[in-house]
Every structure is written in C-alpha cells, then in structure tokens.
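The values are calculated or read from the model by the stated rules, or taken from the named source; none is laboratory data. All values reported here derive from a predicted model rather than from experimental measurement. Reconstructed Cβ throughout: ideal geometry from the backbone, glycine too, with neighbour counts over all protein chains shown. Calculation scope for accessible area: heavy atoms of the full protein, side chains included, ligands and nucleic acids excluded. Shrake-Rupley method; radii C 1.70, N 1.55, O 1.52, S 1.80 Å.
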Amino acid sequence: MDKGIEIARGKTKVLYEVPSSPDQLVVAQGDAITAGDGARRDEIPGKGRLAAQTTSRVFRLLNLCGLPTHFLNGGEDDDDNEMLVRRCSMIPLEVVVRGVAAGSFARRHTGLQRGAILVPRVTEFFLKDDANHDPLIAPEEIAARGIASPNEIGAMSEIARLTFEILAHAWRHRDVLLVDMKVEFGRLIGGENQGQLVIADVIDNDSWRIWRHGREDQMLDKQIYRNLDPVDAEALARVKAAYEQVADYVGNFPAMRPGVAAIFVDDARMVDRANEVAAALHTFGIPTARHLASVTVTPGYVLQIVSQIEAGFARPIFVAIGDQTLRATLDGSASSPVIDGNDEPHRIALACAKLLAIDDSAMFGRVMLAQSNARSEMLRVDALLQQQLPPGAVIA
Ligand code: C5P
C-alpha cells in the first residue's frame with residue numbers, strides 16, 4: 001500500500017499516513033504478542049498476517065451489516081498485513097461487552113459462577129492508561145471528564161453491543177461461544193460524516209475470548225498465551241496454531257449467503273404494491289423477483305415459476321400478494337417459506353430478513369441495526385414531543 005510517514009506505534013501495530021489522502025491511514029499489524037500491559041512479550045512469525053486477516057474479515061462483516069467502522073479495504077495476503085482505514089481521533093477508552101462471566105469480570109464479581117451467561121449483556125468502559133493498568137471508568141465520569149459526550153457514550157454502548165451480538169451469531173455457527181470482546185472508537189477527522197463515531201483500531205484474536213463448544217478448556221484466543229507457563233517455542237507454536245484456525249474460521253464471516261424474495265401478485269392492479277414491498281426488501285439488501293401469476297387465470301404458470309425459483313442457487317422466500325388462494329397454493333407447492341404479502345411492506349421485509357438471518361450473520365446484523373434505529377427514532381420523537389409540553393403536563 002502507498003504509505004507515508006509513521007504517525008503512531010502501538011504494542012502490536014504501526015500507523016502510517018497515506019500521502020495522497022489526508023483522511024486515511026494505513027494500519028500494519030505486527031508479529032508481537034503481549035500480555036499484562038506489555039509485561040510479557042513475544043514474537044510469533046506470521047502473527048501479523050493472521051491478525052490483519054482476522055481484523056479485516058471482522059470489519060468487512062460489520063460494514064456489510066451497516067455498522068459505522070473505520071475500515072476501507074485490505075488486510076488479505078496480497079496486502080502485506082496492511083489495511084486502509086479512515087483516519088480518526090481516537091477516544092481513549094476500551095469498550096468491553098460480556099456475554100459470559102470470565103476474566104476480570106469474574107475476578108471482580110466473586111459471587112457469580114465463572115462461565116455464567118450474562119443477560120442483559122454487560123458493557124464496561126476502561127480508560128486507556130497503561131501506567132494505571134487501564135482502570136474501569138463509570139459513564140458519568142467519562143462525561144464529567146469530557147472524554148465523550150453522554151450521546152456518544154450511549155452510541156458506543158449500543159454499537160459495541162450490536163457488534164458483540166453479530167460476532168456471537170457468526171461464531172455460534174462455527175460452534176464457538178463468544179465470551180467477551182473489546183472494541184475501541186474514534187471520531188472521523190474529515191471527509192464524509194466528519195466527527196462521526198466509528199468502530200476503529202483492530203478486532204482480532206487478541207480482542208475477544210472464544211470457547212469452542214462453549215468450553216473454557218477449548219479456548220482459541222489470546223488467553224492461551226496469557227496462561228502459558230512456561231513460554232517456550234513449543235507453547236508459542238500452539239498459540240500460532242490457534243490463531244491460524246481463528247483466521248481461517250473468520251474467513252467466511254463476511255460472506256453473505258445469497259437469498260431472493262420472490263414476490264407474487266395475482267392481479268395487475270396490485271403491481272404498485274409489489275414495487276413497495278420490493279423497495280422495503282431492498283433496504284435490507286435482499287434481491288427480489290416479481291411475478292404476476294394467478295391461481296385462477298394462470299395456475300400452471302404459478303407452479304412453473306415456483307419450481308424454477310426453487311431450482312436456483314439462492315435461498316428463496318415467497319411473498320404472496322392478493323387472494324388467499326395464491327398464498328395457499330404457494331404454501332402447498334413450495335418447500336421454501338411463504339409470507340403473507342398483504343401486510344405492511346416494512347414488516348414483510350423484516351420477516352424475510354429474519355428468515356435469511358438464521359444462517360447469515362450480515363443479514364442478522366442488518367435486522368439488529370434496523371431494530372436499533374427504530375428504537376432510537378422512537379426515543380428521538382418522544383423527546384421532541386415532551387419538549388413541546390408545558391412543565392408538569394401529564395403524558396397520556
Ligand atoms: O481482562 P478482561 O476480562 O477485562 O477482558 C475483557 C475482554 O477485553 C477480553 O476479551 C480481552 O481479550 C479484551 N481486552 C483487550 N485488550 C485489553 C484488555 C482486554 O482486548 N487491553
């Protein structure tokens with residue numbers, strides 16, 4: 001990649017300017033592995049390549065879901081451990097989301113069983129301050145010290161929680177439990193959406209705890225290295241093997257499984273409605289095929305289209321707009337799901353997205369993000385409504 005001067009160096013990565021684009025940076029991940037605030041440090045040749053692959057694949061998935069991240073491209077074998085990102089001013093916090101009691105959380109909450117499932121998820125903020133071992137910091141203190149605004153703190157918690165759920169979904173499909181993870185945020189320094197909060201830094205096998213089959217003794221992440229005693233060549237080879245396996249698993253995290261919504265209308269006067277439903281499906285990125293076919297006028301054609309669509313490669317979902325006999329015929333002839341197309345278009349689209357989300361983590365993320373945005377919009381309008389009411393007014 002086209003690199004300019006080095007602008008920062010962390011324990012495991014180096015950041016460079018991009019001469020042609022002041023709003024971008026190159027992040028190069030190295031072969032170092034550290035633990036205990038750098039008290040333990042080793043080099044594992046090839047770890048930088050695995051870390052760059054893992055990070056870029058995770059970020060590609062998050063981008064596909066529509067989450068705001070700094071990642072642009074790179075990170076694969078041809079890219080020399082380097083990825084191109086949008087330049088941010090970093091917020092000096094580590095945002096940790098936990099779905100299972102482990103690590104420092106289990107140490108701080110001794111009354112809790114290690115390995116207990118945490119619902120709702122726990123989100124914690126740690127101040128990035130190596131000299132003081134990254135202390136836990138309360139949201140109120142983050143705001144009081146001017147590190148981030150209350151709105152930003154809310155957004156970081158929500159985006160981190162969505163990231164956790166999306167990655168937990170992806171890992172669950174590989175029979176691996178995501179226990180906890182850490183993300184960092186920055187504010188875009190320029191370009192489109194300047195100032196916007198985005199997930200930044202890296203997310204790799206050092207950033208989370210993952211347990212194969214939900215078993216701590218089958219961990220695959222950096223905790224293997226933290227627990228090593230002694231640290232010798234053979235032990236480091238075991239660590240590298242786990243990192244290789246993780247990069248490999250993460251390889252198809254960003255792959256969307258092709259799906260298609262086949263929208264059937266049984267009356268030419270309903271075509272506008274089919275278009276509205278198609279538009280709602282496109283907001284989730286679901287491809288559509290529209291057909292005018294009627295059980296009473298063109299019954300053979302209905303069955304022919306069903307067979308054609310089901311013989312294709314994409315996973316179909318049928319949407320039946322119009323007479324109930326159309327829906328009943330599709331139900332009786334198609335082996336794929338059939339949805340009532342007479343409902344409100346957004347609800348039809350959400351139902352289709354949820355079906356595809358069962359085994360597609362990017363679609364799962366889009367569903368979660370749509371729901372999260374709908375909640376924020378409700379809260380925003382509610383706040384507006386309340387502002388316009390006189391003090392003391394009772395809200396019905
Ligand atoms: O140690 P603790 O339980 O607080 O860590 C929570 C999560 O954050 C773990 O997944 C750990 O790998 C990650 N973490 C990190 N970088 C740190 C501290 C924790 O990635 N500096």
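Can you name every residue in segment 205-240 that is among the acidic types (Asp, Glu) and more than 14 Å from the ligand (Cβ to nearest atom)? Walk me through how you get there before you give the answer.
Step one: filter segment 205-240 for residues among the acidic types (Asp, Glu), giving 206, 216-217, 221, 229, 232, 234.
Selection gives Asp217, Asp229, Asp232, Glu234.
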Which of the residues that make up segment 236-281 are free of Cβ contacts under 8 Å to residues at least 24 places away in the same chain and surrounded by 16 or more Cβ atoms within 10 Å (Cβ to Cβ)? Ala278
Among the residues of segment 117-162, the number that are among the small types (Gly, Ala, Ser) and either open to solvent by 80 Å² or more (accessible area, probe 1.4 Å) or within 14 Å of the ligand (Cβ to nearest atom) (or both) is 3
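Which residues, taken from segment 4-41, are in a loop (DSSP other than H, G, I, E, B), in contact (Cβ under 8 Å) with a residue 60 or more places away in the chain and open to solvent by 40 Å² or more (accessible area, probe 1.4 Å)? Talk me through it step by step, then tell me what you get.
Here is the first cut: in segment 4-41, the ones in a loop (DSSP other than H, G, I, E, B) are 4-5, 10-12, 18-23, 30-31, 36-39.
Filter once more, so that each one left must be in contact (Cβ under 8 Å) with a residue 60 or more places away in the chain: 12, 18, 22-23, 36-38.
Matches in segment 4-41: Pro22, Asp23, Gly36, Asp37.
Restricting attention to segment 180-233, and to residues there that are among the hydrophobic types (A, V, I, L, M, F, W, C) and over 30 Å from Gln24 (Cα atoms), which single residue is surrounded by the fewest Cβ atoms within 10 Å (Cβ to Cβ)? Outline the logic, then answer.
Of all residues in segment 180-233, those among the hydrophobic types (A, V, I, L, M, F, W, C) come to 181, 183, 185, 188-189, 197-200, 202-203, 208, 210-211, 219-220, 224, 228, 231, 233.
Filter once more, so that each one left must be over 30 Å from Gln24 (Cα atoms): 210-211, 219-220, 224, 228, 231, 233.
Numbers: Ile210: 24, Trp211: 21, Met219: 20, Leu220: 21, Ile224: 16, Leu228: 16, Val231: 15, Ala233: 7.
Looking at the filtered set, the residue picked out is Ala233.
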Here are the criteria: (1) in contact with a strand residue (DSSP E or B) (Cβ under 9 Å, 6 or more places away or on another chain); (2) open to solvent by less than 30 Å² (accessible area, probe 1.4 Å). Tell me which single one Phe284 does not satisfy. (1)
Please identify the pairs in which a residue from segment 203-227 that is in the same structural domain as Val95 (by TED's automatic domain parsing) and under 15 Å from Arg238 (Cα atoms) has its Cβ atom under 6 Å from the Cβ atom of a residue that is part of a helix (DSSP H, G or I) and more than 9 Å from the ligand (Cβ to nearest atom), counting only partners at least 6 apart or on another chain. Asn205/Thr54; Asn205/Tyr243; Asn205/Val246; Leu220/Ala242; Leu220/Val246; Ile224/Val239; Ile224/Ala242; Tyr225/Val239
Filtering helices (runs of 4 or more DSSP H) wholly in segment 42-147 for at least 3 residues that are among the hydrophobic types (A, V, I, L, M, F, W, C) and assigned by TED's automatic domain parsing to the domain that holds Gln24 gives 47-65, 139-144
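Could you list all residues from segment 233-255 that are among the acidic types (Asp, Glu) and either under 16 Å from Gln53 (Cβ atoms) or under 26 Å from the mean Cα position of the chain (by Cα) (or both)? Please lay out each step first, then the result.
Going through segment 233-255, the residues among the acidic types (Asp, Glu) turn out to be 234, 244, 248.
Hits for segment 233-255 are Glu244, Asp248.
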Report yes if Arg49 is among the basic types (Lys, Arg), under 18 Å from the mean Cα position of the chain (by Cα), within 28 Å of Ala255 (Cα to Cα) and more than 16 Å from the ligand (Cβ to nearest atom), otherwise no. no
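Which residue, of Val302, Val295, is assigned to a helix (DSSP H, G or I) and assigned by TED's automatic domain parsing to the domain that holds Leu355?
Details: Val295 fails: assigned to a helix (DSSP H, G or I).
Matching residue, one of Val302, Val295: Val302.
Just to check your reading of the model, which residue among Tyr249, Tyr243 is within 16 Å of the ligand (Cβ to nearest atom), touching a Lys or Arg at 6+ places or on another chain (Cβ under 7 Å), over 30 Å from Gln324 (Cβ atoms) and part of a helix (DSSP H, G or I)?
Values: Tyr249 fails: within 16 Å of the ligand (Cβ to nearest atom).
The conditions single out Tyr243.
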May I ask you to list the residues in segment 327-365 that are open to solvent by less than 50 Å² (accessible area, probe 1.4 Å), over 14 Å from Ala280 (Cβ atoms) and assigned to a loop (DSSP other than H, G, I, E, B)? Ala334, Ser336, Asp360
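Checking the structure you have, find out if any residue of segment 171-183 is assigned to a helix (DSSP H, G or I) and within 15 Å of the ligand (Cβ to nearest atom). Give the steps one after another, and end with the answer.
Here is the first cut: in segment 171-183, the residues assigned to a helix (DSSP H, G or I) are 171-172.
Filter once more, so that each one left must be within 15 Å of the ligand (Cβ to nearest atom): 171.
Looking for residues that are assigned to a helix (DSSP H, G or I) and within 15 Å of the ligand (Cβ to nearest atom), one finds at least one in segment 171-183, hence yes.
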Give the number of residues within segment 57-107 that are open to solvent by less than 10 Å² (accessible area, probe 1.4 Å), away from the ligand (no atom under 12 Å from the Cβ) and β-branched (Val, Ile, Thr). 3
